[in-house]
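The structure appears right after this line, and notes come after that.
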Amino acid sequence: MKKSLIIMLAGALAISMTTGCKDQTPKSTQQPAAQAPASAMPQAAPAKAPGKTGKVAETMNSGGYTYVQVDTGSESVWAAAPEFAVKVGDPVIVPEGMPMVNYHSKTLDRTFDMVYFVPSIMVGGEMGSAPANAQMPAGHPPINGSTPAPADVDFSGLAKPEGGKTVAEIFSSKGELSGKEVSIRGKVVKFSPEIMGKNWIHLQDGSGAEGTNDLTVTTSVMAKVGDTVLINGVLATDKDFGYGYKYDVIVEDAKVTVE
């Protein structure tokens, strides 16, 4: 009798456990829609990693830059950084950078639909930040700082354009002037041609102090140090190209008249 009772209890316990497991199954085994095997999915950058990862499909050096065409597995992108060693097939990590649409390289005599200009591209290895000493090619405008005016640049006799501003006034009123067209007359204290597809001017007029006396301007117009120029363009503030290339104020794609 005791043996029969034990068998009955064991059977009831087994049924109870089975039922309990079935009740929990939807919670413990619920899965999202079927996914393709990891090996069949495009290779992408880690979740917290900016930019793109992939393998180099084409590369070339020109004008102080190394250009790489990167196959990410889902798209093909071009990127450029200060010249570095890389070959076809190398795995690379491209950080976020400034996109240049329809960029024409004169040294390559080639137009790219889009190129991302970045301070550095990592070849192999783990994801990391750009090296602290990463530099753009020689001649790139200083980052967020003033350029000393050459000794022979004379600011005397400069007249503020009608309805225009001085360089110092641009800095002091940058909040209200942001996004608006401005006009400034000044002297070119530094000229850097064909950097990232643009000519870069550092403009001063003798006004302002360290940090507020030097205005960065990008344009397609050629000029030279010492030229008196009239600048017309839309003022941008807190312009951040990434990786330290940030300008408190900058006039991009300006109309420049050499006087």
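The values are calculated or read from the model by the stated rules, or taken from the named source; none is laboratory data. Everything numeric here is computed off the predicted structure, so don't read it as measured data. As a convention, Cβ positions derive from the backbone with ideal geometry for all residues, glycine included, and neighbour counts pool all protein chains shown.
Laid out as a table, the results:
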{"quantity": "Flag if Phe155 is assigned by TED's automatic domain parsing to the domain that holds Gly54 and at pLDDT 75 or above", "calculated": "no"}
{"quantity": "Every pair of residues 6+ apart whose Cβ atoms lie under 7 Å, when the first sits in the range 70-87 and is buried (at least 20 other Cβ atoms within 10 Å of the Cβ) while the second is at pLDDT below 90 and not in a strand (DSSP E or B)", "calculated": "Ala79/Gly97; Ala79/Val118; Ala79/Ile121; Ala81/Val118; Ala81/Pro119; Ala81/Ser120; Ala81/Ile121"}
{"quantity": "Matching residues, the range 161-192, being free of Cβ contacts under 8 Å to residues at least 40 places away in the same chain and surrounded by 12 or more Cβ atoms within 10 Å (Cβ to Cβ)", "calculated": "Gly164, Lys165, Glu169, Ser173, Phe191"}
{"quantity": "Residue within the range 219-231 that is under 23 Å from the mean Cα position of the chain (by Cα), modelled with pLDDT under 95 and under 24 Å from Asp152 (Cβ atoms) present", "calculated": "yes"}
{"quantity": "Residues of the range 100-131 satisfying the condition of being modelled with pLDDT of 80 or more, loosely packed, with under 15 Cβ neighbours inside 10 Å and part of a loop (DSSP other than H, G, I, E, B)", "calculated": "Lys106, Thr107, Leu108, Asp109"}
